[in-house]
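Inspection log for the structure reproduced underneath, given as structure tokens.
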Amino acid sequence: MSTDPREARLLLAPPEATAFPASPDWARPLTDASSRFSGEFLKFAASGLRTQAEFLHELASCKDLADVFQLQIRFMQNTWELCLTGAAHLSKITPDNSVFARSPL
């Protein structure tokens, strides 16, 4: 008899068992909405990182303190607008409402 733990796990679990079973049909809109939300959130985060990189590049080119303050004000305004539009966009990603009528819960 082998003492390899991988073989023991294979003996205990049936071959068709998976760590993440397929979701039932009623949950498909939820998983789709979750996938869309994750993708859009990653785009939002990448946009924020791009904005920060541009800010740092512009900050390095500032000649005096007044330029730094103006750049900081513009950066904060742009960041606030980005957060508001991003949050509004993410809040519109919802599953089909009919999914709740078919849910067994």
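Just want the answer: with Cβ charges of +1 for Lys and Arg and -1 for Asp and Glu, which residue in Leu49, Ile93, Phe69 is farthest toward the dipole's positive end in the stretch 25-94?
With unit charges placed on the Cβ atoms, the residue in question is Ile93.
Could you work out the mean projected area of the convex hull around the alpha carbons of the stretch 25-94, in square nanometres to one decimal?
4.5 nm²
In which sequence would Lys92, Lys43 go, from the one with the fewest C-beta neighbours within 10 Å to the one with the most?
Taking fewest neighbouring Cβ atoms as first place, the list is Lys92, Lys43.
None of the figures in this text is laboratory data; all of them are computed from the coordinates on show. As the structure is a prediction and not an experimental result, all values here were calculated from the model. FYI the Cβ positions are ideal-geometry reconstructions off the backbone, even for glycines, and counts take in every protein chain you see.
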